[in-house]
Amino acid sequence: MAPQPWVDIAASHVLPLEFDRRYPIVVRAEGVWLEDSTGRRYLDAMSGGSMAATLGHGRRDIIAVARRQAERLAYVHNERLTNPAQERLARELVEVAPEGFTRVRFVTGGAEANEMALQLARSYHVQRGEPQRWQVIAPAQAYHGPTMATLALTGRPGLQRPFGPYLPHHLHIPPSTWRFDPTGEAALQSLDDALEEAGPENVSAFFCEAISAAALPAYTPPRRFWEGLAERRDRHGFLVCFDEVVTGVGRTGQWFAGAGTALMPDIIATAKGLGAGYAAIGAVLCRDHVYQAFARGSRSFTLGHTWDGAPLSCAVGLAVLDVLRSEGLVERVRDRGSRLLDELAAALQGISMVREVRGHGFLLGVAFVDPRDGDSFLPPELGVAGRIDSAAFGRGLITLSTQPTRDGYAGDQTLFAPPFTSTDDELAEMVARFAASVRHVAGEVEAELEVREPASPVSGRDSR
Ligand SMILES: Cc1ncc(COP(=O)(O)O)c(C=O)c1O
C-alpha cells in the first residue's frame with residue numbers, strides 16, 4: 001500500500017492538538033528541508049515548526065557529541081551530583097550572557113525556565129525579608145508556556161480559557177504597537193496604574209519577552225518604554241525577568257536579545273536554541289545580586305526536575321555553542337537578518353493586507369490588516385492566518401501564523417524564523433514561496449470582502 005502523507009487521526013493513538021487538522025508525517029530532515037512519508041519536501045522557515053532547530057536538521061557533529069556523552073555518562077541528577085558537561089555549559093553560557101550574569105540553572109524547556117525564573121524572583125524577595133512580594137506585571141499580548149503559572153503571565157483570555165480558576169491574578173499592560181501606543185507612554189501609564197493597583201511593595205517582577213515571538217512576531221517596545229521600566233524598577237525594587245526562550249542563543253543576531261534593550265534584566269529564561277532541536281534543555285540565568293541574596297540568605301534554591309543539568313542534554317548544549325562560535329552564526333544572523341527583512345518587505349510590497357513587516361535577526365513578523373481600511377484587524381471568521389499557512393504548505397513551505405484577534409491586541413500575523421544555517425538561495429526561496437502564498441490569500445480575501453479599491457499599504461517595514 002502506498003504510504004499516506006497524513007496521519008489518520010481516527011486510527012492514531014496520539015492525542016492531537018487539533019482534531020480537525022491534517023498532520024503530515026515527517027520521516028526525515030536534512031539542513032532546512034523536511035521530507036514527508038510520500039517523499040514530498042518542505043522548506044522549513046520555522047526551524048522545526050517551533051523555532052528550536054536553529055542549526056538545521058541532521059547535524060552529524062552534534063549527534064556525534066551526544067553519542068559520545070551518552071556512552072560515557074548519559075544521566076545523573078543534579079540534586080546530589082554534578083557532571084563536567086553541566087559545569088562547562090554554565091561557564092560558557094555566562095561568558096556569552098550580558099555582563100553581570102553569573103549563575104545558571106538548567107531545566108528541560110521553555111515553560112519550565114519561565115516558571116523557575118518566577119520562583120527565583122519570588123524567592124529573592126523572600127530571602128531579602130520582603131515575603132509580601134509575589135505579584136507580577138506583564139504585557140498582555142504574550143506567550144510564556146502552557147503550564148498554569150506561565151499561562152497566568154499572559155493577559156489573553158483566549159489562551160487561558162478554561163483554566164482561569166487555577167490561575168493567580170497578575171496584572172497586564174497593552175503592547176506599544178502603532179495601533180495602541182507608538183511612543184510607549186501609554187504602556188508606562190498602564191504600568192504605573194498596575195503598580196498602584198498591586199501596591200508597589202507587593203510586586204515581585206515585571207515579566208516580558210525582550211523581543212516577542214509568536215504572540216506578536218518580532219515586536220519590541222520603543223526605547224522610551226525600557227527606560228521608563230528601568231526607572232520604576234529602581235524606584236520600587238521589583239525584578240525584571242526576560243523570557244528569552246526563543247530569542248536567547250542567537251535568534252535575533254545577539255547571544256541574548258536583552259543585551260540590546262535599554263535595560264538590563266535581572267533574570268533571563270532561555271530554552272529552544274540552546275538544544276537546537278537535538279536535546280530538551282532550557283536554562284535560567286541570573287545576575288550576581290540575585291545569586292547573592294541566596295548566598296547570604298538560606299543558601300538553597302531547591303526545587304527542580306529530573307532532567308535538570310543532565311550530562312546528555314548539557315553536552316548537546318555545549319556542541320550547539322561550539323557550532324555557533326566556530327561557524328560565526330550569531331554574526332551571520334545579525335548581518336544577514338537586516339537584509340532578509342528588506343527582502344521580505346520588498347517581496348510583500350503592494351499587498352494591501354500587509355500592514356507591517358518587522359524583524360530582528362532571523363526572527364521576522366508580518367502583521368495583516370483589513371484591506372478595506374489598511375488599519376483594522378481582519379474579520380477573524382475569514383481565518384486568514386490558517387489560510388496563509390495552508391497556502392504556504394501547498395507551496396512546500398512551513399510557516400507559523402496566528403490569529404489572536406479576539407484577545408484584542410493583535411490580528412492575523414505570520415512568524416518567519418528560519419534556521420541560522422539557511423543559505424542565501426534557501427532564504428530567497430523561502431521568501432518567494434511565502435510572498436506567493438500571501439498574494440494568493442490576499443487576492444481571495446479582497447474578492448470575499450468585495451474590495452474595489454484597496455487602501456494603499458501604510459508602512460512597508462519596521463525594524464525597531
Ligand atoms: C516566548 C516563549 N516562551 C515560552 C515558551 C514555552 O516553551 P516550551 O514550549 O519549551 O515550554 C514558548 C514556546 O513556544 C515561547 O515561544
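Laid out as a table, the results:
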{"item": "Which of 237, 214, 328, positive extreme of dipole for the chain (C-beta unit charges)", "result": "328"}
{"item": "Pairs of Cα atoms farther than 26 Å apart, the stretch 99-211, %", "result": "22 percent"}
{"item": "Rg to Rh, two decimals, where the stretch 1-81 supplies the alpha carbon set and Rh follows Kirkwood", "result": "1.10"}
{"item": "Three principal axis lengths of the stretch 340-396 [C-alpha, angstrom, descending]", "result": "32, 27, 18"}
{"item": "nm² value of the averaged projected area, convex hull over the Cα atoms of the chain", "result": "22.7 nm²"}
{"item": "Net length gained if the chain between residue 227 and residue 63 were fully extended (0.36 nm per residue, minus Cα distance)", "result": "54.7 nm"}
{"item": "Calculated log₁₀ intensity ratio I(q)/I(0) where the Debye formula runs over C-alpha points of the stretch 27-169, q = 0.16 Å⁻¹", "result": "-1.18"}
{"item": "Rg/Rg_ref, the stretch 142-263, where Rg_ref = 2.2 N^0.38 Å and atoms are Cα", "result": "1.04"}
{"item": "Theoretical gain in end-to-end length, residue 189 to residue 72 [0.36 nm per residue, Cα-Cα removed]", "result": "36.6 nm"}
{"item": "Cα Rg, Dmax (largest Cα-Cα span) when computed across the stretch 304-461, Å", "result": "18.4, 62"}
{"item": "Amide proton proximity set for residue 28, modelled H, under 5 Å, gap of 5+", "result": "35"}
{"item": "Residue-averaged 222 nm ellipticity for the chain, from DSSP H runs of 4+ at -39500 (n - 2.57), nearest 500", "result": "-11000 deg cm²/dmol"}
{"item": "Share of pairwise Cα separations in the stretch 262-323, more than 17 Å, in percent", "result": "53 percent"}
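Rule-based calculations on the coordinates, nothing more; no lab input. Quantities reported herein were computed from a predicted structural model and do not represent experimental measurements. Please note: Cβ atoms are built from the backbone with ideal geometry, for glycine as well, and neighbour counts cover all protein chains shown.
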